[in-house]
Amino acid sequence: MGSRVCVLQNIGCSKSGPSLFENSLIGFLIGLNITKGWDMADSTERFLKDIKDIFSLTAENARGVMVRFHREMELGLSGEKSSLKMLPSFVHRPKGTEKGTFLAIDLGGTNIRVLAIRLLGDGVIEPVALSRFTISDEVMTGTGDMFFDFIAGCIEVFFRENNITKQPFNLGFTFSFPVVQSSVNSGLLISWTKGFSVSGVEGKDVVALLNDALIRNRMGFIHISALINDTVGTIAAGSYSNPLCDMGVILGTGTNACYPEKIDKIGKYSGSDALDEMIINIEWGGFDKLERNRYDEALEVNSQNPGEQRLEKMVSGMYLGEIARLIIIDMIEKGLIISREIKSLFMLPYSLTTKHLSLFASGIDIFKAAGVDNLSDKDIRCIREIANLVSTRSARIAATAIASVVTWMDHGLQYSHHIAIDGSLFEKYPGYKDIMESMFHEILGDPSEKIRLVPTHDGSGTGAAIIAALESLKKR
Ligand code: BGC
């Protein structure tokens, strides 16, 4: 069994995900009574129809979701209890005139990028150097010192491999987790998401922790001038060259978005600066007003952060493969698909990843590549259908969330809205963008033409350097 699971994991997948709960899942599904009662004759079709129903999000339901989304935004902004944290970022959008060379660290889902960019003004950005590093499971689940020393080590390697002289630099730090900021360069981590569980960091100022690590590693000459969320980096990168950009969205391992809010609508912000807008990190992954089905529940019960990040668990790349796997296991248990001897492929939690689904959806037979060639046409059709239902729901929810934010900013959709968007799910899943666009049209009709999705590859790192520029210019 183990070897087959590994083979499947090795097809374009570097991370196995949380290895909790092992095979207890089947028991859980049986406990939910969802493995009983199907007449084997035509039950596959009935099963698929049922799955289709419970994974659908109609335009009408989506409009209801938008009302609830607006309500949560309102509560979050005024500091009342809400599943949308609506976190002030202490920064506004750049103008495109900022200039200079800046460093950035982009701590994303499973990797770290260290980069230097040169801003030429007039919206022009010139890449200078870039190094990428993979974060091992050991670092993701180790101690805070280990984690921040690892980041400092990445910066050290970056200087070396790009022949950059060590000298004072302003650095923007993209930290893609929920943080309550008290200034542009300080912020307390609320809680880890996306499988991270580094000890001793929740509740602490991540800028101070990184700064300590830089000093420990003899790089105290680096000044961390801005701490930003990856969505804020994405909107900054998008709007540096495009004044119509008014939203930053990430659809990758995790999901989230930000937008510029008028200062007087942020009831919980008591600062007295002269800004008239501030970017708000929505943390929409936490939105909890969506209807969930039995597979969402099954995933939830066994997750590392039960009860949290509910929208993220229905939408983002970390979870889609797992939802599909739960459905497949259910079908195997009912004898509806897949010969039992290859059941082992699907037994390990998170062994089926969103990347697998994406490859499968683009016509690559991931099972054959894993040495399994006795899947029937029917099995393949079922798995394709499941992948399709799970990814379509994800794209439709993401579109609904974007439509909610756009209509919050512009109720009658009078203006153009360019949405800077990044993340592997959006970028790589076949047809994902098209599904989002047709959902905009279903929900909003012709005015949906005002919404344009603008792929902003690696925007989160570039955006951190832009915000670092913005902050250092303010101090002159
Ligand atoms: C985090 C957000 C982040 C998003 C995308 C979520 O898990 O809570 O802060 O923006 O992932 O990376």
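The values are calculated or read from the model by the stated rules, or taken from the named source; none is laboratory data. What you are looking at is a predicted structure, and each value in this text was computed from that prediction instead of being measured. Virtual Cβ from ideal backbone geometry, glycine too; neighbours counted across all protein chains shown.
One table, with the values for the structure above:
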quantity	calculated
Candidate set: segment 426-468, residues that are surrounded by fewer than 24 Cβ atoms within 10 Å (Cβ to Cβ) and of a type in the set (Gly, Ala, Ser); chosen: the one nearest to the chain's Cα centre (by Cα)	GLY431
Pairs with Cβ under 9 Å, 6+ apart, first in segment 219-233 and among the acidic types (Asp, Glu), second more than 10 Å from the ligand (Cβ to nearest atom) and part of a helix (DSSP H, G or I)	ASP230/GLY459; ASP230/GLY461; ASP230/GLY463; ASP230/ALA464
Residues located in segment 252-270, provided they are in a loop (DSSP other than H, G, I, E, B), in contact (Cβ under 8 Å) with a residue 60 or more places away in the chain and more than 16 Å from the ligand (Cβ to nearest atom)	ILE266, GLY267, LYS268, TYR269
Qualifying strands (runs of 3 or more DSSP E) (wholly inside segment 87-183; at least 2 residues being within 22 Å of CYS245 (Cβ to Cβ))	99-107, 111-121, 124-134, 169-175
Residue tally, condition part of a loop (DSSP other than H, G, I, E, B), free of Cβ contacts under 8 Å to residues at least 40 places away in the same chain and more than 21 Å from VAL157 (Cβ to Cβ), over segment 193-218	2
Test: residue in segment 409-431 that is among the β-branched types (Val, Ile, Thr) and in a helix (DSSP H, G or I)	no
Tabulated pairs, segment 287-311, first within 18 Å of ALA398 (Cβ to Cβ) and assigned to a loop (DSSP other than H, G, I, E, B), second away from the ligand (no atom under 15 Å from the Cβ) and of a type in the set (S, T, N, Q), C-beta under 8 angstrom, 6+ apart or interchain	GLU291/ASN61
Residue pairs meeting the criteria (Cβ under 9 Å; at least 6 apart or on separate chains; first over 19 Å from ALA257 (Cβ atoms), in segment 164-190; second among the aromatic types (Phe, Trp, Tyr) and within 11 Å of the ligand (Cβ to nearest atom))	LEU189/PHE175; LEU189/PHE177
ARG68 being of a type in the set (D, E, K, R), in a helix (DSSP H, G or I) and within 22 Å of the chain's Cα centre (by Cα)	yes
Scope segment 312-334; condition part of a helix (DSSP H, G or I) and within 16 Å of the ligand (Cβ to nearest atom); matching residues	GLU312, LYS313, MET314, VAL315, GLY317, MET318, TYR319, LEU320, GLU322
Failed item, numbered, when LYS433 is tested on (1) farther than 30 Å from ASN111 by Cα; (2) at pLDDT 95 or above	(1)
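Here is a yes/no grid of residues against (1) more than 16 Å from ALA468 (Cβ to Cβ); (2) surrounded by fewer than 21 Cβ atoms within 10 Å (Cβ to Cβ):
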| residue | (1), (2) |
| --- | --- |
| ILE155 | no, no |
| ASN162 | yes, yes |
| VAL179 | yes, no |
| SER183 | no, yes |
| GLY187 | no, no |
| SER199 | yes, yes |
